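The values are calculated or read from the model by the stated rules, or taken from the named source; none is laboratory data. Please read these numbers as outputs of a predicted model, since none were measured by experiment. Here the Cβ is made from the backbone with ideal geometry for all residues, glycine too, and neighbour counts use every protein chain on show.
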Amino acid sequence: MCRKSPELDKPWTRAVRVRLAVVIDVTAHQLRVFVAVARHGHFGRAAESLHLATSTLSENVATLERRIGRRLFDRGRSGASLTPEGVELLPLAERVVDGIDAIAAWGQRVRDTPRVRVGLMVTTPRFRAVMTEAARERPDVQWEIRQLGFDGWVAALERGDVDCAFVAEAGPLPAHLHAESLWSEGLVLVVPEAHPLAAQPSVEVADLAGETFIAVHDPTGEHAWLQTITGRDDLKTMAVAHSFEEVLELCGAGLGVNIAGASAPESFARPGLAFVPLRGVPDVTTSLCFAREQPTEVVREFGDLAHAVVEQIARA
């Protein structure tokens, strides 16, 4: 057993321990009042500079002196001068006040900087073009991109985690959400490069019989989307992925196939995968979704910019 040192039981040692445990409870406002009186050398002029009544300022100084346990000013008819303790405290108090002012200025800059949080299901060249132009047009905005996956975008909009979201095939929306169509594109079949269909110039839905489709962990939603695209309800799905990157890795490993937008090869081409055009299926539409509540001005501007960029790409 560890024995306590006899020194710790001596009265002077106990006194030191008690004194070290004392917390001086002062406020930033009291220190600001103290600094103002020290700089002006006069209670009245200091009160005027802080837009306080002289009596209120005097009460703050008295409270500070009481809590510190030291007199900080010698008061006289001509004004107030610092005591030796006040002289020692002044540079410390000034650092605290300057630090509080710096924090306030930082907070104001943060509040004044507009922020747009953009949700994303899967990246595409058009999405990158929109974000590039947005950053160029509005460098004053703090742009943030949140990867939402295939099934998290509705909840993210409802919780306010994002201000808007780029969504492929949004489908029926809750009444409080709104979608604006941006672009449509064809589809490709994602297969391992050793798959028999990988060498075909294109495939159609009939060629997909017997294939296993790698799906995200929401098998009902994924199956419904595949059924809508292919018009078949007998597709076999394996819901083991949590993101499109995982889907691609599983496809590359030969565990199944998937259907993606025709622009997928531009963003996701990699060894081991083939992207085969899919014929006879409807195009997939990407929309910009946001809450029906009045969006901020910068979010409205972003929506207009997204339409303009997509239209410019279509004309090129």
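Taking the residues in region 129-146 that are in contact (Cβ under 8 Å) with a residue 24 or more places away in the chain and within 30 Å of Leu187 (Cα to Cα) as candidates, determine which candidate is surrounded by the most Cβ atoms within 10 Å (Cβ to Cβ). Ranking the qualifying residues of region 129-146, first place goes to Val130. How about region 152-203: which of its residues are in contact with a helix residue (DSSP H, G or I) (Cβ under 9 Å, 6 or more places away or on another chain) and β-branched (Val, Ile, Thr)? If the condition is that a residue be in contact with a helix residue (DSSP H, G or I) (Cβ under 9 Å, 6 or more places away or on another chain) and β-branched (Val, Ile, Thr), then Val162, Val167, Val188, Val190, Val191, Val203 are the ones that fit.
Comparison of Pro271, Pro265 shows that the only residue that is surrounded by 15 or more Cβ atoms within 10 Å (Cβ to Cβ) and either in a loop (DSSP other than H, G, I, E, B) or not assigned by TED's automatic domain parsing to the domain that holds Glu169 (or both) is Pro265. Is it the case that region 69-83 has a residue that's aliphatic (A, V, I, L, M), under 22 Å from Ile103 (Cβ atoms), surrounded by 10 or more Cβ atoms within 10 Å (Cβ to Cβ) and at pLDDT below 95? No, there is no match, as no residue in region 69-83 is aliphatic (A, V, I, L, M), under 22 Å from Ile103 (Cβ atoms), surrounded by 10 or more Cβ atoms within 10 Å (Cβ to Cβ) and at pLDDT below 95. Cβ separations smaller than 7 Å between residues 6+ apart or across chains give the following pairs from region 193-219 residues that are within 17 Å of Glu246 (Cα to Cα) to residues that are surrounded by 14 or more Cβ atoms within 10 Å (Cβ to Cβ) and among the acidic types (Asp, Glu): Ala215/Glu222; Val216/Asp151; Val216/Glu222; Asp218/Asp151. Is it the case that Gly41 is over 30 Å from Ile145 (Cα atoms), surrounded by fewer than 17 Cβ atoms within 10 Å (Cβ to Cβ) and touching a residue at least 40 places away in the same chain (Cβ under 8 Å)? Here the answer is yes, as Gly41 does meet what is asked. Look at (1) outside any helix (DSSP H, G or I); (2) modelled with pLDDT under 95; (3) not assigned by TED's automatic domain parsing to the domain that holds Val298 and you find that Ile103 fails only one, number (1).
Among the conditions (1) out of contact with any helix residue (DSSP H, G or I) (no Cβ under 9 Å at 6 or more places or on another chain); (2) assigned to a helix (DSSP H, G or I), His51 misses just one, which is (2).
Out of all the residues in region 109-164, which are polar (S, T, N, Q) and part of a strand (DSSP E or B)?
Those that are polar (S, T, N, Q) and part of a strand (DSSP E or B): Gln142, Gln147.
Are any of the residues in region 212-221 out of contact with any Phe, Trp or Tyr (no Cβ under 9 Å at 6 or more places or on another chain), modelled with pLDDT of 90 or more and surrounded by fewer than 17 Cβ atoms within 10 Å (Cβ to Cβ)? Looking through region 212-221, at least one residue is out of contact with any Phe, Trp or Tyr (no Cβ under 9 Å at 6 or more places or on another chain), modelled with pLDDT of 90 or more and surrounded by fewer than 17 Cβ atoms within 10 Å (Cβ to Cβ).
Filtered by the rule that a residue be acidic (Asp, Glu) and assigned to a helix (DSSP H, G or I), region 281-301 gives Glu297, Glu301. Of the candidates Leu226, Leu248, Leu278, Leu305, the single residue that is surrounded by 15 or more Cβ atoms within 10 Å (Cβ to Cβ), assigned by TED's automatic domain parsing to the domain that holds Gln147 and either part of a helix (DSSP H, G or I) or not charged (D, E, K, R) (or both) is Leu305.
Pairing residues of region 291-316 that are among the β-branched types (Val, Ile, Thr) with residues that are in a helix (DSSP H, G or I) and surrounded by fewer than 12 Cβ atoms within 10 Å (Cβ to Cβ), at Cβ distances under 6 Å and at least 6 apart in sequence or on separate chains, gives no pairs at all.
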